[in-house]
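The values are calculated or read from the model by the stated rules, or taken from the named source; none is laboratory data. Just so it is clear, the structure is predicted and the values come from calculations on it, not from any experiment. A quick note on method: Cβ atoms are made from the backbone with ideal geometry, for glycine too, and the neighbour counts reach across all protein chains shown.
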Amino acid sequence: MSAEKSLILIYGICETPNILWDASKVSTDTRAVNRQYIRLSQAPTDIRIGDRGWLDLMPDQLLQFETNEDIFIFAKEALLSKAHPFSKPLRNALISYLTFVEHRSIELQKIKKNTPSDALFCSPEQICFSAFLPLPHPKIPITDEAGKFIGAASFDLGFHIGGKTHLISFSDGQFLRKSERELRQKLLKESDRFILTELSKPNDTINMDENFLSGLLSIIPKIADFRDEHDLPHGLYYPAGLNKLNEILE
């Protein structure tokens with residue numbers, strides 16, 4: 001297996017990426033996205049909050065929710081749980097981004113209100129599931145020429161959009177260890193699927209850091225227009241036959 005084809009992105013709290021890397025090589029789970037890592041060679045062009053794999057809900061679990069808004073709140077809490085409790089800048093970034101998604105979903109409903117669609121799928125509470133999935137603590141395992149794990153290039157936040165993986169660091173001039181810098185350089189040299197960016201640390205806020213969002217949107221403009229008119233947005237539940245609605249409405 002080539003290094004490019006075997007690339008995975010580990011996300012969430014993980015102190016032992018080498019163990020996950022070894023497990024991924026022998027796993028019989030062929031899904032592109034699961035709760036711990038993403039097989040990048042199999043990943044869809046965009047990875048969204050409503051995509052299956054990272055937090056699938058079973059039919060019996062849905063009984064605890066009354067509205068799609070409740071499900072999105074659950075998704076937000078699940079994403080925040082993947083951030084280390086002491087990683088305050090990352091938690092602030094996730095809160096700002098998810099708040100932005102809610103506000104932007106309302107705007108997108110108004111902008112695209114004349115787009116033919118089922119009323120169920122064009123409410124802001126449903127549109128928000130089309131937003132791109134933020135990936136806390138993304139780590140890319142790095143191997144030597146023999147395929148042996150030598151370390152993991154670590155970042156603060158990631159998104160997979162347009163077939164590229166955006167890796168974001170909140171440095172603010174903070175010193176980067178030589179070993180970490182070398183792992184990042186090796187990663188970027190061996191694959192062109194990654195885009196590395198540095199942003200200022202988000203401020204502590206209960207809602208949204210406008211400066212952070214402005215910086216994020218400047219490097220990934222597509223984040224602001226996440227509503228895909230060709231696919232129906234749905235959230236974290238996949239009853240049999242739901243995807244066939246796309247074919248019926250086309």
Query raised in the report: Among the residues of segment 197-218, which ones are touching a residue at least 40 places away in the same chain (Cβ under 8 Å) and surrounded by 15 or more Cβ atoms within 10 Å (Cβ to Cβ)?
Result: LYS201, PRO202, MET208, ASP209, PHE212, LEU213, LEU216
Query raised in the report: Got at least one residue in segment 22-39 being more than 20 Å from PRO134 (Cα to Cα), among the β-branched types (Val, Ile, Thr) and in contact with a helix residue (DSSP H, G or I) (Cβ under 9 Å, 6 or more places away or on another chain)?
Result: no
Report task. Output yes when any residue across segment 54-67 is at pLDDT 90 or above and assigned to a loop (DSSP other than H, G, I, E, B), and no when none is. Result -> yes
Report summary line: Output for Cβ contacts, cut-off 6 Å, separation at least six or different chains, first residue modelled with pLDDT under 95 in segment 123-142, second surrounded by 22 or more Cβ atoms within 10 Å (Cβ to Cβ) and of a type in the set (Ser, Thr, Tyr), reads PRO124/SER105; ILE127/SER105; CYS128/SER105
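Rundown of residues vs (1) within 24 Å of GLY162 (Cα to Cα); (2) aliphatic (A, V, I, L, M); (3) modelled with pLDDT of 90 or more, yes/no style:
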position	(1), (2), (3)
TRP21	no, no, yes
ARG31	yes, no, no
ILE73	no, yes, yes
PRO89	no, no, yes
VAL101	yes, yes, yes
Report summary line: Taking segment 58-79 and the residues there that are under 14 Å from GLU102 (Cβ atoms) and among the polar types (S, T, N, Q), the one that is surrounded by the fewest Cβ atoms within 10 Å (Cβ to Cβ) would be THR67
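Condition check ((1) assigned to a helix (DSSP H, G or I); (2) among the charged types (D, E, K, R); (3) over 19 Å from the mean Cα position of the chain (by Cα)) across all residues:
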{"residue": "ILE150", "(1), (2), (3)": "no, no, yes"}
{"residue": "GLY158", "(1), (2), (3)": "no, no, no"}
{"residue": "ILE168", "(1), (2), (3)": "no, no, no"}
{"residue": "LYS189", "(1), (2), (3)": "yes, yes, yes"}
{"residue": "GLU198", "(1), (2), (3)": "no, yes, no"}
